[in-house]
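Colleague: Below is one structure. I have some questions about it.
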Amino acid sequence: MDIVVDVKDDNHFWAKYYVQSKSNLLEAGKEIAIGQSIGNPNARSIWETEEMIQNHCAKVLNEPHLTSVRHGHIWIGYPYANMNWDEDGVSHLLCMLMGGQMDIDNIERCALLELELDQSKTTFMGPAHGIQGIREFTGVHDKPLFGGIIKPKTGITPEQLLDMVKQLVDGGVDFIKEDEILGSPAICTLEDRAEYILRYLEECGRNVVYTFCINADPHRLLDKVYHVHGVSEYEGSGIHVNIWSGLGSYNAIRQEQLGQYIHYQKSGDKVITSSKNAYRIDWDILCQLAGLSGADFIHAGMIGGYLDDDEEEIKKNMQTLYKYDVMPALSCGMKPDLVAPIVEKVGVDWMANVGGFIHSDPDGTMAGALKMRKAIDTL
């Protein structure tokens, strides 16, 4: 069965991997291609016809080095025909891209590094608002957005939350994100706080995006989406979903076409993306999928905070996000004196998400927010 091709064709979407094998890259590539499309990597079936192999078996891009090395880069092409893009979504796509190769003994390491996918051949919708839509709603142009994060993460009442939100709004934020630890505890249920917050934002006189944390398993996630949507027609209403609610959850929400702002929260991603993992998906791929799936905002990482990402990597990630019209949010130690240096490095199309600095100000949350607002406005 010859599944090695000399050129990439338009009938396949192409994935670049770093692979370490016990044999050579060509053998490992064939095992991935066959195992992640039609069958057992090393045992052929009487049901596998030439037509089936031609139309549905993944392909390996031939390159000179594949037979001479045990580790390196390899491209695998997956047939578009193997996906029902509307019904299968991100969940099945990732099962195809990063699944059974972890069960092949010959493959010792496998990292998904790049994905070449023609969006026009899929049903991915992209962001409902995107960077320009966010700027038009908030009225913020030619400078970073200012986002505030709710702290404490959980344990506050709806009344305390409302007081905090009022101080953040008066302090000049453009965006508010509930922390990913705030689900729907008895002390502050989603139902109670959505009513408090959205009624206030309707009347506050400023356009502020507010994203409610709605982390949940699939059978409850869309219920929460629809609850937030049903409380108010406020245009800045949004939802915040952490990756542990499922990498396909963003696409599921976007496909409902409710017009909510979607914030993608990465906390926990290194379980999937860390370069220390033998099997991993590069963070840039998740940024790409976030954009395809409809995220308007994403926690992209941080420069100079208690999280201090590699600058070249985060610049690369931000360029990927811009390609898909997603606003990168930088947080995890953001404070006023970091704003100008970050702008010098990456420009102005990002959001400064701030929690600890604001709420730890000795004069209170509004005072801390005003200091951050000043740092952005005086660039």
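Colleague: Could you list all residues from the range 174-196 that are within 23 Å of Cys332 (Cα to Cα) and without any contact (Cβ under 8 Å) to a residue 40 or more places away in the chain?
Modeller: Within the range 174-196, the subset within 23 Å of Cys332 (Cα to Cα) is 174-183.
Selection gives Ile176, Ile181, Leu182, Gly183.
Colleague: A further question on this structure: Which ones in the range 1-44 are among the small types (Gly, Ala, Ser), in a strand (DSSP E or B) and within 18 Å of Leu93 (Cβ to Cβ)?
Modeller: If we filter the range 1-44 for residues that are among the small types (Gly, Ala, Ser), which is where we start, we get 15, 21, 23, 28-29, 33, 35, 37, 39, 43.
With the extra rule that they be in a strand (DSSP E or B), the set shrinks to 15, 21.
Ala15 - this is the single residue of the range 1-44 that is among the small types (Gly, Ala, Ser), in a strand (DSSP E or B) and within 18 Å of Leu93 (Cβ to Cβ).
Colleague: When you check Asp377 against the structure, is it touching a Gly at 6+ places or on another chain (Cβ under 6 Å) and over 17 Å from Ile149 (Cα atoms), yes or no? Outline the logic, then answer.
Modeller: Working: touching a Gly at 6+ places or on another chain (Cβ under 6 Å): no; over 17 Å from Ile149 (Cα atoms): yes.
Considered against the rule, which asks whether it is touching a Gly at 6+ places or on another chain (Cβ under 6 Å) and over 17 Å from Ile149 (Cα atoms), Asp377 comes out as no.
Colleague: Here is a list of conditions, (1) surrounded by fewer than 21 Cβ atoms within 10 Å (Cβ to Cβ); (2) within 20 Å of the chain's Cα centre (by Cα); (3) more than 30 Å from Leu113 (Cα to Cα), and Asp325 meets all of them except one; can you say which number that is?
Modeller: The one condition Asp325 does not meet is (3).
Colleague: For Lys224, indicate whether it is in a loop (DSSP other than H, G, I, E, B) and over 15 Å from the mean Cα position of the chain (by Cα). Can you show your working first?
Modeller: On the way: in a loop (DSSP other than H, G, I, E, B): no; over 15 Å from the mean Cα position of the chain (by Cα): yes.
Taking the combined requirement at face value, the residue does not satisfy it.
Colleague: Name the strands (runs of 3 or more DSSP E) wholly within the range 231-348 that hold at least 2 residues that are without any contact (Cβ under 8 Å) to a residue 60 or more places away in the chain?
Modeller: Details: elements: 237-242, 261-265, 279-281, 297-301, 327-330.
Passing ranges, in order: 237-242, 297-301, 327-330.
Colleague: Within the range 219-259, can you find the residues that are on the phi > 0 side of the Ramachandran plot and either of a type in the set (Phe, Trp, Tyr) or touching a helix residue (DSSP H, G or I) at 6+ places or on another chain (Cβ under 8 Å) (or both)?
Modeller: Start the filter on the range 219-259 by keeping residues that are on the phi > 0 side of the Ramachandran plot, which leaves 246, 257, 259.
Within the range 219-259, just Gly246 meets the criteria.
Colleague: Within the range 34-60, how many residues turn out to be touching a strand residue (DSSP E or B) at 6+ places or on another chain (Cβ under 6 Å) and within 16 Å of Tyr80 (Cβ to Cβ)?
Modeller: Residues of the range 34-60 touching a strand residue (DSSP E or B) at 6+ places or on another chain (Cβ under 6 Å): 56, 58-60.
Now drop any that are not within 16 Å of Tyr80 (Cβ to Cβ), which leaves 56, 58-59.
Number of matching residues: 3.
Colleague: From the list Ile46, Ile107, Ile32, Ile76, which one is of a type outside the set (Gly, Ala, Ser) and at pLDDT below 95?
Modeller: On the way: Ile107 fails: at pLDDT below 95; Ile32 fails: at pLDDT below 95; Ile76 fails: at pLDDT below 95.
Among Ile46, Ile107, Ile32, Ile76, only Ile46 is of a type outside the set (Gly, Ala, Ser) and at pLDDT below 95.
Colleague: A further question follows. Identify the residue in the range 197-213 that is without any contact (Cβ under 8 Å) to a residue 60 or more places away in the chain and among the aliphatic types (A, V, I, L, M) and, among all such residues, is surrounded by the most Cβ atoms within 10 Å (Cβ to Cβ).
Modeller: First pass over the range 197-213, keeping only residues without any contact (Cβ under 8 Å) to a residue 60 or more places away in the chain: 197-206, 210, 212-213.
When the remaining residues are screened for being among the aliphatic types (A, V, I, L, M), the result is 197-198, 201.
On the way: Ile197: 24, Leu198: 18, Leu201: 22.
Result: Ile197.
Colleague: Tell me which residues, restricted to the range 208-233, are more than 18 Å from Cys188 (Cβ to Cβ) and in contact with a Phe, Trp or Tyr (Cβ under 8 Å, 6 or more places away or on another chain).
Modeller: Val208, Val209
Colleague: If I filter the range 70-84 down to residues being without any contact (Cβ under 8 Å) to a residue 60 or more places away in the chain and surrounded by 14 or more Cβ atoms within 10 Å (Cβ to Cβ), which single residue comes out as farthest from the chain's Cα centre (by Cα)? Quick ask: steps written out before the conclusion?
Modeller: To start, the set of residues in the range 70-84 that are without any contact (Cβ under 8 Å) to a residue 60 or more places away in the chain comprises 70-74, 82-84.
If we keep only those that are surrounded by 14 or more Cβ atoms within 10 Å (Cβ to Cβ) too, we end up with 70-74, 82-83.
Numbers: Arg70: 32, His71: 29, Gly72: 27, His73: 24, Ile74: 25, Asn82: 24, Met83: 21 Å.
The residue in question is Arg70.
Colleague: Right, something else. Would you tally the residues in the range 347-379 being of a type in the set (S, T, N, Q) and surrounded by fewer than 20 Cβ atoms within 10 Å (Cβ to Cβ)?
Modeller: Initially, the range 347-379 is screened for residues of a type in the set (S, T, N, Q), giving 353, 360, 365, 378.
Subset that is surrounded by fewer than 20 Cβ atoms within 10 Å (Cβ to Cβ): 360, 378.
Total meeting the criteria: 2.
Colleague: Being farther than 15 Å from Ala295 by Cα and surrounded by fewer than 16 Cβ atoms within 10 Å (Cβ to Cβ) is true for just one of Ala194, Ala216, Ala186. Which residue is that? It would help to see each step written out before you state the result.
Modeller: On the way: Ala194 fails: surrounded by fewer than 16 Cβ atoms within 10 Å (Cβ to Cβ); Ala216 fails: surrounded by fewer than 16 Cβ atoms within 10 Å (Cβ to Cβ).
Sole residue among the options that is farther than 15 Å from Ala295 by Cα and surrounded by fewer than 16 Cβ atoms within 10 Å (Cβ to Cβ): Ala186.
The values are calculated or read from the model by the stated rules, or taken from the named source; none is laboratory data. All values derive from a computational prediction rather than experimental measurement. Note that we place each Cβ from the backbone using ideal geometry, even for glycine, and neighbour counts take in every protein chain shown.
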